[in-house]
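Shown next, in structure tokens, is the structure this report addresses.
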Amino acid sequence: MIGTSPELCSLFAEVAAARGLEIQTHIACLDDAVPFAMDLIDRGLADVLVASRGTAEMLRKKTSVPVLPIALGSLNLAKVLFELAPVAKSVFFAQYENEDVDLSFFERQTGVKVHCARYADLASLEEAVRRYVAGDTGIVVGGGQACAIAARLGASYRLVIPTRDEIAVTLSNAWNIAQSVAAEKTVLLRYTALLDTVSESIVGTRADGTVTMANRRAQEVLGQHGSIVGTNIVSLLPGLKEHIRAGRAPGGELDATIRGTRYVVKTSRLQRPADGMDRFYSFTPCHVVVRAGRKARQALVSGYAAKYTFADYVHASQISEDMLAKLRIFARSDSTVLITGESGTGKEILAQGLHRESSRSTEPFVSVNCAAIPVQLLESEMFGYEGGSFTGSRAEGKAGLFELADGGTIFLDEINSMPLNVQALLLRTIQEQEVRRVGGSAVIPLNVRIVAATNKSIVDEVRAGRMRSDLFYRLNVLNVRVPPLRERPDDIPVLVEAFVDEASRSAGTPPIRLPQASLARLCRHPWYGNVRELKHFIEQLVFLCAGAFSQSVFDELFGETAANAASLMPLGFLGAGGAGGAGDPAAPAWPQAGQPRPEHPAAPVDVAAITPAQVEDALAKAGGRKKAAAALLGISRTSLWRILKSFGKQP
């Protein structure tokens with residue numbers, strides 16, 4: 001509390017003590033009060049200031065904390081004036097320039113002449129008192145500073161101070177505000193501590209530009225070693241002066257040069273009922289904005305971002321777990337990875353998971369299906385082109401997929417289908433980590449990790465002359481084989497459950513539950529289309545069952561699937577555990593990647609050698625459909641009819 005007289009300060013202290021509060025008091029007025037108040041604020045010793053009305057107005061203009069005016073003391077002023085009426089011919093009353101105290105009623109009631117004067121600062125107050133004292137012998141009535149001046153001049157005076165009740169109201173309001181300010185300070189400290197952890201420079205100001213908060217990075221950028229709270233942002237960044245007018249600031253971005261570096265200054269506003277408008281400024285170097293914008297466009301606008309993680313690779317088998325463990329180790333490196341596996345085994349999910357586990361996880365992930373891009377466009381799509389390089393090209397040119405993947409990972413799926421001329425360019429790109437656009441002369445440096453995938457034996461492709469051997473050695477740094485689904489039947493139950501739930505959500509029906517016997521049949525099936533084929537089977541089953549499992553629907557679908565498999569597999573491959581199946585040493589195994597898949601039996605089928613057990617197993621796998629069962633046995637439907645008849649069964 002800053003008072004104009006010892007009496008006022010003493011009364012404030014008494015009222016505060018009666019309420020159990022401690023306050024600091026100081027005797028000062030107008031200009032003299034400002035340095036004292038600012039020192040208190042700088043030392044963190046004042047959250048709220050209380051002062052006489054004129055002093056309070058001046059402090060509001062000069063400081064950044066809430067300032068409450070002390071009540072004028074209207075009751076005591078009236079009491080003093082009426083007490084002076086019998087003994088005074090005139091009185092002098094000075095009020096601050098924006099106060100409006102009307103004493104005409106007192107003049108009419110008492111006949112005492114009232115001389116009123118307005119003041120703006122200490123000098124104008126003293127001049128007004130001196131003028132009155134020099135021309136009149138009346139009494140000076142007012143606050144402590146006016147009375148102190150009158151006393152120095154030898155004039156009569158009467159001090160007017162508020163009543164205890166008025167002081168109690170002012171004190172109560174000040175205390176409530178102080179508690180709110182303290183709470184806001186705690187929040188502000190938390191936010192400031194949080195903002196100190198970010199790399200961006202952030203400054204918060206009041207509507208007039210006075211800084212209320214700034215993180216450490218902002219102080220470094222602005223070249224300030226101490227706190228900049230309380231200073232005006234215009235003094236630090238003169239270029240913002242035109243943007244701070246009449247308490248309004250534009251949103252959006254501004255350009256500013258700070259200590260020789262160009263920055264993008266983003267501005268925003270937050271309207272608060274208590275404090276008016278708060279502004280926030282963030283400073284980001286232009287080169288950082290350009291780089292971040294490019295990466296954002298690549299990853300978000302163009303969709304070059306990895307969606308899947310290793311957690312999305314549904315599995316339960318140890319062989320799958322071992323493969324994922326190997327890939328997690330590979331993720332720690334930036335070396336090229338080659339993934340081999342049949343179609344439908346989930347190679348892209350694994351490539352995306354590899355990217356997400358790596359140090360490049362926040363950078364672009366660009367997936368390229370080399371077989372899906374027309375040969376004549378593959379080079380320009382991969383490496384980009386300059387404007388006017390060929391008919392139909394964009395005038396401004398186009399960045400290639402390698403450029404878009406800069407800093408991240410590029411996944412080259414079915415790389416074995418890439419033409420030899422493009423393979424030569426790819427080899428140079430991998431070796432030099434740079435790219436030259438079609439029709440261009442400039443070399444663009446890159447930082448890209450290569451992950452390649454193939455559904456064929458890359459060694460066989462090299463032997464056949466479809467793959468460059470030098471490219472093979474560049475790609476075959478870290479390699480992993482994705483086992484087909486038939487080699488990991490333990491994964492099938494968890495995959496079925498996941499696909500049933502997914503398809504049920506899509507169909508809007510309750511999830512079905514497959515009987516154990518049906519699930520076992522799925523586990524024994526070879527699934528030459530791998531996970532993709534299994535997923536499509538389950539989707540169709542879920543939609544046709546419509547929320548309730550149907551054995552007949554299952555048998556029909558499975559029979560069709562088994563018939564399709566029979567046309568793709570070698571003779572005698574009837575599934576794990578069955579006669580002539582994968583568990584039978586006599587049964588030929590499905591060839592590994594790169595080996596040719598026979599389309600026909602190696603030798604004619606001996607119909608007479610087919611046993612009843614083989615027939616029953618084939619019928620079970622085919623869901624009772626004789627055409628499919630015959631295909632599984634490698635014989636015609638007529639031959640199957642004759643066999644059933646010879647066994648005494650109904651054809």
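Per-structure values
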{"read-out": "Relative contact order of the chain, defined on C-alpha pairs under 8 angstrom at six or more residues apart (%)", "value": "7"}
{"read-out": "The chain - charge dipole about Cα centre, Lys and Arg +1 at Cβ, Asp and Glu -1, debye rounded to 20", "value": "1200"}
{"read-out": "Ratio of the Cα radius of gyration of the stretch 486-549 to 2.2 N^0.38 Å, where N counts its residues", "value": "1.04"}
{"read-out": "Difference of contour (0.36 nm per residue) and Cα-Cα distance, F543 to A85", "value": "154.7 nm"}
{"read-out": "Cα gyration tensor of the chain - equivalent ellipsoid semi-axes, whole Å, descending", "value": "91, 32, 18"}
{"read-out": "Entries in K307/K456; K79/K113; K456/K535; K535/K627; K456/K627 that, when Cα-Cα distance is taken, lie over 28 Å", "value": "K456/K627"}
{"read-out": "Average projection area in nm² (convex hull over Cα atoms of the stretch 74-160, one quarter of hull surface)", "value": "5.1"}
{"read-out": "Under-5 Å amide H pairs with C29, H placed in peptide plane, nonlocal only", "value": "none"}
{"read-out": "³J(HN,Hα), Karplus 6.51/-1.76/1.60, whole Hz, each residue of the stretch 220-227, x for Gly, Pro", "value": "5, 4, 7, x, 9, 7, x, 5"}
{"read-out": "Sorted by Cβ density within 10 Å, fewest first, the residues E348, E616", "value": "E616, E348"}
{"read-out": "Euclidean distance between Cα centres, the stretch 18-76 to the stretch 128-162, Å", "value": "23"}
{"read-out": "5 angstrom amide H check on I139, placed H, neighbours 5+ away", "value": "S90, V91, F92"}
{"read-out": "Loop-resident sites, the stretch 1-78, for trypsin sites (Lys or Arg not before Pro), counting at most 16 other Cβ within 10 Å (DSSP)", "value": "R19, R43"}
{"read-out": "Mean separation of Cα contacts under 8 Å (6+ apart) over length of the stretch 310-481, as relative contact order %", "value": "31"}
{"read-out": "Fraction of antiparallel bridges per DSSP, the chain only, in percent to nearest 5", "value": "45"}
{"read-out": "Tilt relative to the chain, helix 612-621 - C-alpha long axis, 0 to 90 degrees, to 10", "value": "30"}
{"read-out": "Whole-Hz couplings from phi, Karplus 6.51/-1.76/1.60, listed for the stretch 50-61; x for Gly and Pro", "value": "10, 7, 4, 4, x, 5, 4, 5, 5, 5, 4, 6"}
{"read-out": "Exposure proxy ranking, count of Cβ atoms within 10 Å, fewest first, for I23, I643, I319, I410", "value": "I319, I23, I643, I410"}
{"read-out": "P(r) of the stretch 440-558 over all Cα-Cα pairs, binned every 5 Å from zero, in whole percent", "value": "2, 9, 16, 15, 11, 9, 8, 9, 8, 7, 4, 1, 1, 0"}
{"read-out": "Cα gyration tensor, the stretch 310-481 - rounded (a/c under 1.5), prolate or oblate", "value": "prolate"}
{"read-out": "³J(HN,Hα) computed for each position of the stretch 355-364 - Karplus, 6.51 cos²θ - 1.76 cosθ + 1.60, integer Hz, glycine/proline x", "value": "5, 5, 8, 8, 6, 9, 4, 8, 9, x"}
{"read-out": "Cα lying deepest toward the dipole's positive end in the stretch 20-177, options I27, A94, L122, charges on Cβ", "value": "A94"}
{"read-out": "5 Å-binned pair-distance histogram of the stretch 325-398 (Cα, whole percent)", "value": "3, 12, 19, 16, 16, 13, 10, 8, 2, 1"}
{"read-out": "Nearest 10 degrees, 0 to 90: helix 122-135 Cα axis against the chain principal axis", "value": "20"}
{"read-out": "Point-charge dipole on Cβ atoms (K/R +1, D/E -1) for the stretch 74-160, about Cα centre, debye to 20", "value": "360"}
{"read-out": "Ranking of R524, R262 by count of other Cβ atoms within 10 Å, fewest first", "value": "R262, R524"}
{"read-out": "Length released on extending from R130 to A17, taking residue separation times 0.36 nm less the Cα-Cα span", "value": "36.9 nm"}
{"read-out": "C-alpha long axis of helix 530-545 to longest principal axis of the chain, angle in °", "value": "80"}
{"read-out": "For the stretch 1-136, the Rg and Dmax computed from alpha carbons only, in angstrom", "value": "16.8, 52"}
{"read-out": "Under 5 Å, built H, 5+ apart or other chain: amide partners of S457", "value": "G594"}
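Each value in this text was obtained by applying a stated rule to the coordinates, not by laboratory testing. Note that the structure is predicted; figures quoted are calculated from it, not measured. So basically every Cβ, Gly included, is an ideal-geometry build from the backbone, and we count neighbours across all protein chains shown.
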